[in-house]
1. Tell me the label-point distance for the pair residue 241, residue 90, using the 7 Å Cα-to-Cβ offset, in nm and rounded to one decimal.
2. Treat the count of other C-beta atoms within 10 Å as a stand-in for reagent exposure and order 422, 49 from fewest to most.
3. Once a ≥ b ≥ c are taken as the square roots of the eigenvalues of the Cα gyration tensor of region 61-178, is the result rounded (a/c under 1.5), prolate (a/b larger than b/c) or oblate (a/b not larger than b/c)?
4. What's the angle, to the nearest 10 degrees (0 to 90), between helix 397-416's Cα axis and the longest principal axis of the chain?
5. Simple spin-label model, 7 Å along Cα-to-Cβ: residue 334 to residue 108 in nm?
6. Would you mind calculating the gained length between residue 307 and residue 229 on full extension (0.36 nm times residue separation, minus the Cα-Cα distance), in nm to one decimal?
7. Express in whole angstrom the spacing between the alpha-carbon centres of region 407-459 and region 167-211.
8. Calculate for the chain the 222 nm mean residue ellipticity that helices alone would give, adding -39,500 (n - 2.57) per DSSP H run of length 4 or more and normalising by residue count, nearest 500 deg cm²/dmol.
């Protein structure tokens, strides 16, 4: 199935792409379906299941669902208007969505957290319902937030295999595995970024593509800059202090005195990533890359490349993003990018593979070296669990992005020292991630029922 660079990199809000953005998108889709229906609803209900229930409050899933039903979307989110809308809904017990009559919705009664077994399609499931004046069901839909802000109905999830097969011939280079990607690169003489670009141009003009990628990097970079200036305590009750500004100030002071040891470069990479993920934890604007929980890795490596590597050029950021998106698409298509499905190996692991590939490409790597870089980065995240303390995207998530960025650069550097020939292929590594995620106990997959989440005090 074709996954655009704009599928892998989406502008949205924190703290979670699957638990915040996804439910908001699902609610907006339900409103669209309701507007197109012959029904005359009087009320709305929502229930959250599986991982959406277990970590829903920490991930602001309840807020996102309510705001989605009120007509808000991640792309145009206005925090001030959102707070006003939430206060109004809680006070009146009514939702006023554009194009629909006022609808009864009391959050304390009409939004349920179901802590029983997950729905059958995916760990992140939710059911949205429209009712009549008597409270009887007029329309109901099940949605699954499958990671990275992607949302499917139950029917769409069941049909996904057929859609994948139909989409295969729609682009010039329809690779569905790393092996196919390398074979097509060899036959065409094109880089991975060039093949990805040709695929993108089937759906949009070159100007639209370049403008869109420039916007993605603009938002990423602005997020880093905001994060390096932010101070205070992150919301949610863990009392986690924002650290990026202090680290940045210290690094600048050391640079001025020329006293910093060589390994300080790792601190710069961690800084850039942590700045993004502190912004994400605070509910700020971020870019899914490929998820919010892993949003810091790719922008951190791009910023490292631009600020610290001689010869780096902003004009090549698009090449980085296209290469990274190609690798991210393989991870999503053949395994998962969802922490609730495969643990954090699917989030920070996939992000590190994407960043390693992009960095290797702009450093002059061949397609074989790019594939090798992605494999090295992913391989050394295999088995990583998703165990956020108190269900918040803070501990261990913020630092984990910093270490993911360091691994990505190291992986690319190792691959560039070789000729691209290696024992474990990216395809094997992605399949191993899928199998490991399948076998991983549910308590280690974004439920906050195991690991650090139960061994670290929540307050």
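1. Simple spin-label model gives 2.9 nm for this pair.
2. Final ranking by Cβ density, sparse to dense: 422, 49.
3. prolate
4. On a 0 to 90 degree scale, this one is about 30.
5. 5.2
6. Stretched fully, the residue 307-residue 229 segment lengthens by 26.3 nm.
7. 27
8. Result for the chain, helices only: -16000 deg cm²/dmol.
Bear in mind these aren't lab numbers, they're just calculated from the coordinates by the rules spelled out. Keep in mind that this is a model prediction, so the values were computed, not measured. Neighbour counts run over all protein chains shown; Cβ positions are idealised from the backbone, glycine included.
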